[in-house]
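In what follows, a single structure is set out as structure tokens and then discussed.
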Amino acid sequence: MSTASSGAKADAAPVAVVIPCFQARGTLRRALDSVLAQTRPPRELIAVDDASSDGTWEELQQLQAELGKERLRLLRLERNRGPASARNAGWEAARAELIAFLDADDSWHPHKLETQARFMQAHPEVTACGHARVVPPEVLPQAAPPAEPSVTWIGFRDLLWRNRIMTSSAMVRRQAPFRFADGQRYMEDHRLWLEMARAGCRIARLETPLAAHHKPVFGAAGLSANLWAMEKAELRNYRGLHRARAIGTPMLAVLGAWSVAKFLRRVVLKASGAL
């Protein structure tokens, strides 16, 4: 276990890191080490076990024993409810001004929290912020990112076509009046960003890679392996927008066709081994 970034809380970023964990015993230390290696440590670190059965909870307890309860808080859901509910549980337990989410099988650039928190503090009008990420992790730059990374402002219509913010890149304001859809297991992050954007919240994306996925984004291990379940969830998200009159019937049809085309492309790429 890395001991980097174990400095005083006074130098901590005003961030609570929330790590949802399900059957993640084999990757937890890597994810946690990337948090401990931050140039500005988080004010809070919260891991939420989503009723794992592979020894994840025992591994979390061991990590807490090594780090101390003041550095790593643990929550455990009594039954498996999915990543949306696990993230919400950590969100509700947090006290810091900002919340950053890290999936237990991903990792961060050492400057991630320092860079992103600085941007969020400089832009109090921003509700949610993401950033670029890389696959595989070996290509994640180790040099310090630019002090002022290039920014893309993301609106509702931008998000309709694709998810522009992966959860391990997301930082949100704790007091934002939104949460992940409880119990939704696929495309729950996309749904949240759509709801925020539709309500007029400002959303930004920093165009510098500050996170790494240790598996392909689609078609590998984990929830993303179930391409059809992801597709159905995206279509349900669009139908929900249509019921709420956020999009009309012609747009629903166009988005549905676009979504199916993306799904078929992913199926072909997975079958060919290109994913």
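The values are calculated or read from the model by the stated rules, or taken from the named source; none is laboratory data. These numbers come from a predicted model, not from an experiment. Methodologically, a virtual Cβ is constructed for each residue, glycine included, from the backbone with ideal geometry; neighbour enumeration extends over all protein chains shown. With ligands, DNA and RNA removed, areas are computed over all heavy atoms of the protein, side chains included. Shrake-Rupley method; radii C 1.70, N 1.55, O 1.52, S 1.80 Å.
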Worksheet entry | Residue count, region 121-140 (criterion: of a type outside the set (A, V, I, L, M, F, W, C), closer than 25 Å to Glu195 by Cβ and outside any helix (DSSP H, G or I)) | 7
Item to complete: Evaluate the following for Leu206: is it open to solvent by less than 30 Å² (accessible area, probe 1.4 Å), part of a strand (DSSP E or B) and not charged (D, E, K, R)?
Response: yes
Discussion item. Checking Gly82 against (1) under 17 Å from the mean Cα position of the chain (by Cα); (2) at negative phi: exactly one of these is not met. Which one?
Written reply: (2)
Worksheet item: For Arg71, all conditions in the list (1) closer than 15 Å to Leu28 by Cβ; (2) assigned to a helix (DSSP H, G or I) hold save one; what is the number of the exception?
Response: (2)
Worksheet item: What pairs come up if the first residue lies in region 230-241 and is more than 15 Å from Arg185 (Cβ to Cβ), the second is buried (at least 17 other Cβ atoms within 10 Å of the Cβ) and of a type in the set (Ser, Thr, Tyr), and their beta carbons are under 8 Å apart, counting only those six or more places apart or on different chains?
Response: Tyr238/Ser259
Practice prompt. Could you check, for region 124-136, whether at least one of its residues is surrounded by fewer than 14 Cβ atoms within 10 Å (Cβ to Cβ) and without any contact (Cβ under 8 Å) to a residue 12 or more places away in the chain?
Written response: yes
Item to complete: Could you tell me whether region 212-233 includes any residue that is within 15 Å of the chain's Cα centre (by Cα), assigned to a helix (DSSP H, G or I) and over 19 Å from Ser259 (Cα atoms)?
Response: no
Worksheet entry | Qualifying residue in region 142-162 (condition: within 14 Å of the chain's Cα centre (by Cα) and either closer than 21 Å to Glu97 by Cα or in a loop (DSSP other than H, G, I, E, B) (or both)) | no
Worksheet item: From the list Arg173, Arg164, Arg157, which one is surrounded by fewer than 16 Cβ atoms within 10 Å (Cβ to Cβ) and of a type in the set (Lys, Arg)?
Response: Arg157
Practice prompt. Considering only residues that are assigned to a loop (DSSP other than H, G, I, E, B) and acidic (Asp, Glu), look in region 85-120 and name the one that is surrounded by the fewest Cβ atoms within 10 Å (Cβ to Cβ).
Written response: Glu97
Fill in: Qualifying position, being more than 13 Å from Thr208 (Cα to Cα) and touching a residue at least 40 places away in the same chain (Cβ under 8 Å), among Arg118, Arg81
Arg81
Item to complete: Would you check which residues across region 47-72 are loosely packed, with under 14 Cβ neighbours inside 10 Å and in contact (Cβ under 8 Å) with a residue 40 or more places away in the chain and list them?
Response: Glu66
Discussion item. I'd like the residue in region 224-266 that is in contact with a Lys or Arg (Cβ under 6 Å, 6 or more places away or on another chain) and under 22 Å from Ala199 (Cβ atoms) and, out of all such residues, is surrounded by the most Cβ atoms within 10 Å (Cβ to Cβ).
Written reply: Asn237
